[in-house]
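**Student:** Here's a structure for you.
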Amino acid sequence: MADVTKATAVQMDGGAKQRMAAAMQKEELKNISQEAQRATEAEQQLGLRESFKLYPHAIGWSIFLSTCVIMEGFDITLLGNLFAYPPFQKRFGVLQPDGTYQLTAAWQAGLTNGNQAGQIIGLYANGIIAERLGYRWSLIGALALTTGVIFIIFFSQTLVQLLIGEILIGIPWGAFQTLTVTYASEVCPTHLRAYLTTYVNLCWVIGQFLSMGVLRAMLQRDDDWGYRIPFALQWMWPVPLVVGIFFAPESPWWLVRKGRLDQAKRSVLRLTKRDAFPDFNADENVSMMVHTNELEKAISAGTRYQDCFKGVDRRRTEIVCLTWAAQHLSGSTMMAFSTYFYQQAGMAVDDSFSMSLGQYAIGGVGTVCSWFLMGWFGRRTLYLTGQVAMFVLLLTIGFAASAGRENEAAQWAIGSLLLVYALTYNCTVGPICYSLVSELSSTRLKTKSVVLARNTYNILGMVGNVMTTRMLNPSAWNWGARAGFFWAGTCGLCAIWSYFRLPEPKGRTYAELDILFEQRVSARKFKTTAVKPHDDSNDGPSDEEVAEMDGKKP
């Protein structure tokens, strides 16, 4: 009898311990939920001006890391515009019947697509490496690799050697494309996310402008150093970036996903300036990240590539991939080959480089304008309106090309329309894409979602590069500016997709977006649907479940 009584007591003690543990878990989750709710309300009430005052360090670090994209924009634009650069054409091109030199369309596509292939490899690898090592060390490793590969490009004597260098340098570029926009979206609050993520597009434009300026300055040279000097200038970026990134704070969201909550709190403290807001609570801010992470785990527990195509995340993956793909499908490839495009439309070499230089300057102005337009119209409206406007401009370019290359007025009209197109693109689709992709993916799958989206862009870019070089090259299809008709068609299809499938994330926290996707809210109703992401009733086991653990009913 004593043994039975003792066993019963042990069972009762075990049941009591189980109930106590469950109750403590429920209480802990309830506290986290309440802290998360307070942090969410405080963040939403900050406003834009207050967000700038509280997060100046986050803004500074995000801007610094985005400098990696300036370097990449410089390199990519350099290659595309060298196709129109006389010393490069003479060194690597084929003599034409008119006495000029041209790279064949096959090699133009091969060099650009080799670079794109390297980026695809680098992106997929980075999606795994960054999740394991963090954003800082992944970027530092990519910059170190870039420094070594530049030697291959600089000393290339043949197109094959140059192709190998372009493939290899594309691998670290994959890290820059992913981590800069992901870092910006994770270290900044809701009201700053759109500005810091679209700033990445401005970095692209700055890099393109610098590259074009260097080439324009080299036009007077007729030797190999005319293109070797621009290649050598690529070495000026990696070392200072490595030093700065080493001292940068890690993304607190990544640290939360790794369960390193103390480090996440220290990172939040480094990213904020609490003197301006003494009431700011770093613990509550981390609790918001923890609660959002747990919410996403409940919706979709995985963090692998295949999890991007399961359940709710399948829709999110479709949206971010096609949002980034629309950059190419809207005709932006014509801007990438703008100098070559202008020359094939009939402009002189000096004029073509000057027009491209003006194009990138206008692109920078457009990106700054997008920051104001986003505040007035939101992401979805601006993105869709831009696509419709570019559709009209591309059609007009195609019709203007019908006047023939001998019509000088028509060629300058085409050049002017392409500048207007560049302004429209960089006010809308160009920068807004970065904001949409970073905000509409879940935080647990953000890096991999951005990788898939960017690789969709790169794959389409490879197809677009092959087609565009053949459209413009006089030894191939020789369409010239009539290529505007083709890109107008794809741009129109993108506008139709955006109307039905693209949601509006403006002013939403990540937890709110998770709920909206989980409830399968229509894209056109995202802006108006009310949600409560930190509802206490959703946290932990109920009182009935706690009682049932001991075989009782309340």
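Rule-based calculations on the coordinates, nothing more; no lab input. Since the structure is predicted, the reported quantities are computational estimates derived from the model, not experimental observations. For neighbour counting, all protein chains shown are included, and Cβ atoms are generated from backbone atoms with ideal geometry for every residue, glycine included.
**Student:** When the chain is fully extended, how far beyond the present Cα-Cα distance does F154 get from N407, taking 0.36 nm per residue of separation?
**Tutor:** This chain segment gains 87.1 nm when fully extended.
**Student:** Magnitude of the Cβ-charge dipole of the chain, K/R +1 and D/E -1, about the Cα centre, nearest 20 debye?
**Tutor:** Dipole magnitude for the chain comes out near 380 debye.
**Student:** With n ≥ 4 as the cut-off for DSSP H runs, can you work out [θ] at 222 nm for the chain, using -39500 (n - 2.57) per run divided by the number of residues, rounded to the nearest 500?
**Tutor:** Theoretical 222 nm ellipticity from helices: -25500 deg cm²/dmol.
**Student:** Using only the Cα atoms, work out Rg/Rh for region 89-154, with Rh taken as the Kirkwood radius, to two decimals.
**Tutor:** Reported Rg/Rh (Cα atoms, Kirkwood Rh): 1.20.
**Student:** Also, quick follow-up: Taking the radius of gyration and the Kirkwood hydrodynamic radius from Cα positions alone, what is the Rg/Rh ratio for the chain, to two decimal places?
**Tutor:** 1.06
**Student:** Measure out, as a whole number of angstrom, how far apart the alpha-carbon centroids of region 316-350 and region 153-219 sit.
**Tutor:** When both Cα centres are located, 16 Å separates them.
**Student:** Continuing with the same structure: Going toward the positive end of the dipole of the chain, with +1 on Lys and Arg Cβ and -1 on Asp and Glu Cβ, which of T367, H328, G378 do you reach last?
**Tutor:** H328
**Student:** So, one more: Given the pairs K297/K532; K297/K446; K273/K532, which span a C-alpha to C-alpha distance of over 19 angstrom in this model?
**Tutor:** K273/K532
**Student:** What's the extension gain from N478 to T100 if we count 0.36 nm per residue and subtract their Cα-Cα distance?
**Tutor:** My answer for the length gained is 134.5 nm.
**Student:** Give, in nm to one decimal, the length gained when the segment between R501 and F309 is fully stretched (0.36 nm per residue of separation minus the Cα-Cα distance).
**Tutor:** Roughly 67.5 nm would be gained on extension.
**Student:** Stokes-Einstein D for region 123-224 at 4 °C, 1.567 mPa s, Kirkwood Rh over Cα pairs, in µm²/s?
**Tutor:** Here the translational diffusion coefficient equals 82 µm²/s.
**Student:** Next up: Run the simple label-point estimate for K273 and R520 please: 7 Å along Cα→C-beta, distance reported in nm.
**Tutor:** About 4.8 nm, to one decimal.
**Student:** Sort L255, L418 so the one with the fewest other Cβ atoms within 10 Å of its own Cβ comes first.
**Tutor:** Placing the least packed residue first, the sequence is L255, L418.
**Student:** May I ask which residue of T339, H291, F353 lies farthest towards the positive end of the charge dipole of region 282-355, with charges of +1 (Lys, Arg) and -1 (Asp, Glu) on Cβ and the Cα centre as origin?
**Tutor:** Ranked along the dipole, the leading option is H291.
**Student:** Take peptides 503-510, 443-450 and line them up by average Cβ neighbours within 10 Å, highest first, as a rough protection proxy.
**Tutor:** 443-450, 503-510
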